[in-house]
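Visitor: Sharing a structure with you now.
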Amino acid sequence: MIERLQELGKEALQEIKDADTVKALDNIRVKYLGKKGPITEVLRGMGKLSAEERPKVGQKANEIREEIQSSLEAKTTELEEIALEEKLKEESIDVTLPGKEIKRGARHPLTAVVEEIEDIFIGLGFQVTEGPEVETDYYNFEALNLPPDHPARDMQDSFYVTHDMLLRTQTSPVQARTMQKHNGQGPVKIVCPGKVYRRDDDDATHSHQFMQIEGLYVDKNVRMSDLKGTLEAFVKKYFGPERSIRLRPSFFPFTEPSVEVDVSCGICGGAGCRVCKNSGWIEVLGAGMVHPNVLEFSGFDSNEYSGFAFGMGVERFALLKYGIDDIRHFYTNDIRFLEQFKRA
Ligand code: 2NL
């Protein structure tokens, strides 16, 4: 019997040695140490042995059992270590490999210019206000002193959605709405950026959709000199301190008096060149003192309050600053154009 046990032990240790998975070791454990295993079998037959032999066989059986047990444990640890080693090798990261390139986007140049202009006016005490792009006839025209027979209200010039709703042709309706909300109480000091729409054939300098920023300052004792000082400060901040402005008389239905604002040419410094068409000046803004009718339409007493307003096309400011020759570049999404506006 002792021989039989020794044989079983040898067999088991050999099988453990040859095993190459934890699962195989588990099978060996069941095979040799399980309830139906050969060692249990031997122990069961011990009843036939003499009292002298019995403890010897029992001791041997326990020895063999323990030997198999510890051998299984050792081999399990060994296999687990190998498995861990392989897993670590598989998952290891080569930190010396070059990284993946991160594609970096850029603000659209028109967005960048709008934000730059907003920031300048915020610095001058204005608040940024936005409003709807689909407007009523009332806010887009009537509240701005454009009578029903005014040529600008022609169906041919605007995109009408219904008989009295249209895509706004300027951002002034935002100012009219804001004034109305103030219930005749000043000050109102806002700039209104946004998309506007006009029925135009697109070319290098025209687009049926473009960006505008308008400004409005309504309070007691607002004067033309306030308008001039504000616009001069703005132009010098945007184009550079060496630039100057001049005002020429003009006409808008919503302002009286009205002016066109020119900035001195930055290419020739006023001597005359292709950009300023030999005049030394470039037209950049329309402005004026808010028409009394416009104040009254929006709930302000025009005897108590006065105001100035101005409007500018954002594309023109971007063209001039970056030396771009065609407004259509802003709307064709050519990545080669847009990439040039990435920040360093
Ligand atoms: C231009 C000229 C201008 C205004 C816009 C305005 C708005 C209110 C009252 C009075 Cl609520 N005026 N806006 C005034 C003068 C000129 O825009 O050339 N825009 C591109």
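The values are calculated or read from the model by the stated rules, or taken from the named source; none is laboratory data. Just so it is clear, the model here is predicted, and its values are computed rather than measured. Virtual Cβ from ideal backbone geometry, glycine too; neighbours counted across all protein chains shown. Protein only, heavy atoms only, side chains kept; ligands, DNA and RNA dropped before computing areas. Shrake-Rupley method; radii C 1.70, N 1.55, O 1.52, S 1.80 Å.
Visitor: Enter the angle in degrees (range 0 to 90, nearest 10) between the Cα long axis of helix 22-33 and the first principal axis of the Cα atoms of the chain, meaning the one along which they spread out most.
Guide: In the chain, helix 22-33 runs at an angle near 30 degrees to the longest axis.
Visitor: Helix-derived [θ] at 222 nm for the chain: sum -39500 (n - 2.57) over DSSP H runs of at least 4, divide by residue count, nearest 500?
Guide: On the way: 11 runs with 139 residues, N = 344.
One gets -12500 deg cm²/dmol as the mean residue ellipticity at 222 nm.
Visitor: Considering only DSSP beta bridges with both partners in the chain, what is the antiparallel share in %, to the nearest 5?
Guide: Values: 42 of 44 bridges.
If I count the DSSP bridges inside the chain, around 95 percent turn out antiparallel.
Visitor: Do any of LYS23/LYS75; LYS321/LYS342; LYS189/LYS228 go past 19 Å between their Cα atoms, and which? Walk me through the intermediate numbers first.
Guide: Numbers: LYS23/LYS75 12 Å; LYS321/LYS342 15 Å; LYS189/LYS228 15 Å.
Long pairs (Cα-Cα over 19 Å): none in the table.
Visitor: Among residues other than GLY45 whose Cβ falls under 13 Å from its Cβ, what is the net charge (Lys/Arg +1, Asp/Glu -1)?
Guide: Charge balance in the 13 Å sphere: +2.
Visitor: Working from Cα positions, state the angle (0 to 90°, nearest 10) between the long axis of helix 109-123 and the longest principal axis of the chain.
Guide: So the inclination is approximately 70 degrees.
Visitor: While we're here: Gain in length, GLU85 to SER302, computed as 0.36 nm per residue apart minus the alpha-carbon separation, to one decimal in nm? The partial results should precede the final answer.
Guide: Details: separation 217, 0.36 × 217 = 78.12 nm, distance 8.58 nm.
Length gained, GLU85 through SER302: 69.5 nm.
Visitor: Follow-up question, since we're still on this one. Compute the Kirkwood hydrodynamic radius of the range 109-341, taking the inverse of the mean of 1/r over all pairs of distinct Cα atoms, and give it in Å to one decimal.
Guide: Numbers: mean 1/r = 0.0543 Å⁻¹.
Computed over Cα pairs of the range 109-341, the Kirkwood hydrodynamic radius comes out at 18.4 Å.
Visitor: At a 1.4 Å probe, what is the % contribution of carbon and sulfur to the accessible area of the range 1-85?
Guide: Values: 3020 of 5810 Å².
Ligands and nucleic acids excluded, carbon and sulfur give 52 percent.
Visitor: Pull up the cross-link candidates among the aspartates and glutamates for LYS237, meaning alpha carbon to alpha carbon under 18 Å and not fewer than 8 places away within one chain.
Guide: Within reach: GLU115, GLU116, GLU118, ASP119, GLU214, ASP226, ASP262, GLU283, GLU315.
Visitor: Now, a different point. Within the range 166-248, list the GluC sites (Glu not before Pro) lying in a DSSP loop whose Cβ has at most 11 other Cβ atoms in a 10 Å radius.
Guide: Details: sites: GLU214, GLU232, GLU242; in loops: GLU242.
When the GluC sites (Glu not before Pro) of the range 166-248 are filtered for loop state and at most 11 Cβ neighbours within 10 Å, GLU242 remain.
Visitor: Cysteines without a disulfide-compatible partner in the chain, using Cβ under 4.7 Å as the rule?
Guide: When partners are defined as cysteine Cβ atoms under 4.7 Å apart, the chain leaves CYS192 without one.
Visitor: Still on this structure, please answer the following. How much length is gained on full extension from VAL30 to THR205, taking 0.36 nm per residue of separation minus their Cα-Cα distance? Mind dumping the intermediate values first?
Guide: Values: separation 175, 0.36 × 175 = 63.00 nm, distance 8.81 nm.
Gain on extension, VAL30 to THR205, equals 54.2 nm.
Visitor: Trypsin sites (Lys or Arg not before Pro), restricted to the range 9-73: which are DSSP loop and have at most 16 other Cβ atoms within 10 Å?
Guide: Working: sites: LYS10, LYS17, LYS23, ARG29, LYS31, LYS35, LYS36, ARG44, LYS48, LYS56, LYS60, ARG65; in loops: LYS35, LYS36.
Filter output for the range 9-73: LYS35, LYS36.
Visitor: To the nearest 10 Å², what's CYS265's accessible area with a 1.4 Å probe?
Guide: Its accessible surface works out to 0 Å², give or take rounding.
Visitor: For LYS31, give me every one of the aspartates and glutamates with a C-alpha distance below 12 angstrom, ignoring sequence neighbours fewer than eight places off in its own chain.
Guide: Candidates past the 8-residue exclusion: GLU11, GLU15, GLU41.
Visitor: Could I ask something else about it? Could you give the angle, 0 to 90 degrees to the nearest 10, between helix 2-18's Cα long axis and the longest principal axis of the Cα atoms of the chain?
Guide: Taking Cα atoms only, the helix is inclined about 20 degrees.
Visitor: Further question on the same structure: Within straight cross-link reach of LYS60, meaning Cα distance under 17 Å, which lysines are found once same-chain residues fewer than 8 apart are removed?
Guide: LYS10, LYS48
Visitor: Please report the carbon-and-sulfur percent of the accessible area for the range 109-341; probe 1.4 Å, protein heavy atoms only, DNA, RNA and ligands left out. Please list the in-between numbers first.
Guide: Values: 5630 of 11350 Å².
Carbon plus sulfur share of accessible area: 50 percent.
Visitor: What GluC sites (Glu not before Pro) does the range 25-57 have in DSSP loop regions with at most 13 other beta carbons within 10 Å? Before the final figure, lay out the partial values.
Guide: On the way: sites: GLU41, GLU52, GLU53; in loops: GLU52.
For GluC sites (Glu not before Pro) across the range 25-57 that sit outside H, G, I, E and B with at most 13 neighbouring Cβ atoms in 10 Å, the list reads GLU52.
Visitor: In whole Å, what are the extents of the range 192-306 along the principal axes defined by its C-alpha atoms, from largest to smallest?
Guide: Extents along the principal axes, in whole Å: 46, 35, 23.
Visitor: Further question: Probe of 1.4 angstrom, ligands and nucleic acids ignored: what's the accessible area per residue over the chain, in square angstrom?
Guide: On the way: 20300 Å² over 344 residues.
On a per-residue basis, 59 Å².
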